Each structure stands twice: as structure tokens, then as C-alpha cells.
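J.: Dumping the structure here so I can ask a few things about it.
Coordinate-derived values only; no laboratory data. Just so you know, these numbers come straight off a predicted model, no measurement behind them. Note: ideal-geometry Cβ built from the backbone for every residue, glycine included; neighbour counts use all protein chains shown.
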């Protein structure tokens, strides 16, 4: 096991084993790592010059390694380094093998520059992406275990087929798309996209149905939650200010408990939905328009939602 370093002033001709002898880019560092290694990447912008993984290219992590960003001192989790697509198209900015042992990314930011075919973090369902940001990509996060991460202004989907906890999708046409097996999305927020905040696929078999718990959909152009697979579980979720239904439920066997809605253009549920959603009479958030989704204490709003959550 070895510890490596990357800085914007480094050189790929260095040993990479200290900040003073750091490598120049994260893609090269990943190509030199082996299982058990850790690489610390210092804050700054690392612009791709090629679509081939390695020197000047995207990050392709081997199995069982950690790549972590820092600002001043390794481990500080300060301002993250930025892996920037530049003029490169059709690439995953950060990817991992991970089929046998888990790779981990922590405190990294990727910027797809709105280029064609550029995705953010893509891996297997075993790999962990923690406290990371994906902006201006097509898919921000694809097939990863995501924790405390943000997808911002992605052109298609913020989180595609991810297990996600404490994550946030902002200004993505679909916030969270769940078409994979037994996915779990917990305590996540989707806000401000043109499509559906949370979307479950219609082709899944019922034994692979997803779980959505303590999630919030706010200000989407279409449905807050569009639930299309039987036996999906939606627990203590809330839809506010969406352009169609709060909860568009396409299956009679969907399990819903403790869910609520407010101010959705077409109402809280689609016509004839087999479930009930509590209709709030006031906005439950402190100031969602400014990004503050803390529950307020307003009667009929946050106070009701707190009670529903406590009953689950």
C-alpha cells in the first residue's frame, strides 16, 4: 500500500509520494495505483487534454483504491479539486472497476463543461462516491453508491441507477432515475428540473422494486415522483410545487406511508391512485426557493410533515 499526491504544480515525472514530489494530474495517478493505495489530490483545476485514461486524461480507478481531494492539508475535505472536461467529449470523467473490491472517491468535483457525451462519476454498484459534485455533465452519477453528493445542472439525469443517501440533484431534467435492481434512495432532494424529480422504471420485476425514503421533490416541471414499478416503497416523502402531480402512481401495489404534498399543479396524486397522500395546507420548508429545505414549524406545513415522519 502506498500514498500518492497530485497538485497543479506537480509533474508526472516525479515519484508522486509527497506533495513536494507530486504528480500533475489525477488521471495519471489512477493509472499508477494498485489495490490499497490512497491518492490525495490538491485543490485546483485539472483540465483534460485527451479522452484516453492516464496522463492528461480521465480518471479510471483500479479496484480497492481511494482518491480524495483536499485544500491545504490531506484529509481536510476543504475546497475540492476540479476535474474539468475542457474540450473533450464522450468520456466518463471518473470511473472505477470495482467488481471485486470497492474503490472510493471523496471530495472531488467534476465539470463536464456541457460537452456532448460527458458523464461525471460512473462505476459499479459497489463503489462509493462521497461528498462529491458533478456539474454540467449528461449523467452526474451513474451506478454508484453515492453519499452526501450533489448533481448540478446536468443535461439528462442527476443520479442514474444509484444507491443514494443525503444527496441532492439540482436543475437536472430528472433528479433520480431508478431502473436498476433493489435500489435505495434515502434522505435525498430533487429540485428545479424540467421533468420528474424521482423516476422509477416500468420494466423492473416486482422483486427488484426500489425504496424511496425521506425524499423531497421540489419545483419540477412534471411530476415530483413518477412511480411505475409494482411493489416500490415510498416512505415519508414529500412533493412541493411541481408542475404536474406530486405523486404520479402507475401501479396499484405501490407501498406508500407518511407521504405528503403541497402546491402541485395537478394535485398530490394522479386520478384513481390507490394510495392517499396527506395534503398540506402550507409550505413545509423554511425557504426552499433559496435552497433551505429544513422543515418549518408552520401548522399545516412543516409541523404536519414532522408528525407524519415521526409516525413512520
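J.: Listing 46, 70 from the residue with the fewest other Cβ atoms within 10 Å to the one with the most, what is the order? Please list the in-between numbers first.
T.: Details: 46 24, 70 21.
The fewest-first ordering by Cβ neighbours comes to 70, 46.
J.: Against the empirical 2.2 N^0.38 Å scaling, what ratio does the C-alpha Rg of the chain come to? Can you show the working numbers first?
T.: Details: Rg = 20.5 Å, N = 312, 2.2 N^0.38 = 19.5 Å.
Against the compact-globule rule of thumb, the ratio is 1.05.
J.: Return the calculated 222 nm mean residue ellipticity for the chain, to the nearest 500 deg cm²/dmol, obtained by summing -39500 (n - 2.57) across DSSP H runs with n ≥ 4 and dividing by the residue count. If you can, show how the numbers build up before the last one.
T.: On the way: 2 runs with 17 residues, N = 312.
It lands at -1500 deg cm²/dmol.
J.: Now, a different point. Sequence gap at least 6, Cα distance under 8 Å: using those rules, report the relative contact order of the chain to the nearest whole percent. Could you put the intermediate results ahead of the total?
T.: On the way: 1066 pairs, mean separation 23.0, N = 312.
Relative contact order, the chain: 7 percent.
J.: For the range 170-312, what number results from the quotient of the Cα radius of gyration and 2.2 N^0.38 Å? Don't skip to the end; give the middle numbers.
T.: Values: Rg = 13.6 Å, N = 143, 2.2 N^0.38 = 14.5 Å.
Output field value: 0.94.
J.: Still on this structure, I have one more. Can you tell me the orientation of helix 302-311 relative to the chain, as the angle in degrees between its alpha-carbon axis and the longest Cα principal axis, to the nearest 10?
T.: Roughly 90 degrees, rounded to the nearest 10.
J.: Can you give the relative contact order of the range 1-131 as a percent, counting alpha carbon pairs under 8 Å and 6+ residues apart?
T.: Values: 392 pairs, mean separation 25.8, N = 131.
Value for the range 1-131: 20 percent.
J.: Can I ask one more? Would you mind classifying the range 254-303 by shape? Square roots of the alpha carbon gyration tensor eigenvalues, ordered a ≥ b ≥ c; an a/c under 1.5 is rounded, otherwise it is prolate if a/b is larger than b/c and oblate if not.
T.: Details: a/c = 2.27, a/b = 1.91, b/c = 1.19.
Cα axes put the range 254-303 in the prolate bin.
J.: Hey, another quick one. Please state the relative contact order of the range 184-264 as a whole percent: Cα pairs under 8 Å, 6+ residues apart? Provide the component values of the computation, followed by the final result.
T.: Details: 242 pairs, mean separation 22.9, N = 81.
After rounding, I find 28 percent.
J.: May I ask you to compute the full-extension gain from residue 148 to residue 76, defined as 0.36 nm times their residue separation minus their alpha-carbon distance, rounded to one decimal in nm?
T.: Details: separation 72, 0.36 × 72 = 25.92 nm, distance 1.60 nm.
Result for the pair: 24.3 nm of gain on full extension.
J.: Averaged over every viewing direction, what's the projected area of the C-alpha convex hull for the range 146-205? Give it in nm², one decimal, please.
T.: Values: hull surface 14.2 nm².
Taking a quarter of the hull surface, the average projection is 3.5 nm².
J.: Let me ask another. Sorted from largest down, what three extents in whole angstroms do the Cα atoms of the range 44-129 have along their principal axes?
T.: Here the Cα extents, ordered largest to smallest, are 33, 30, 21 Å.
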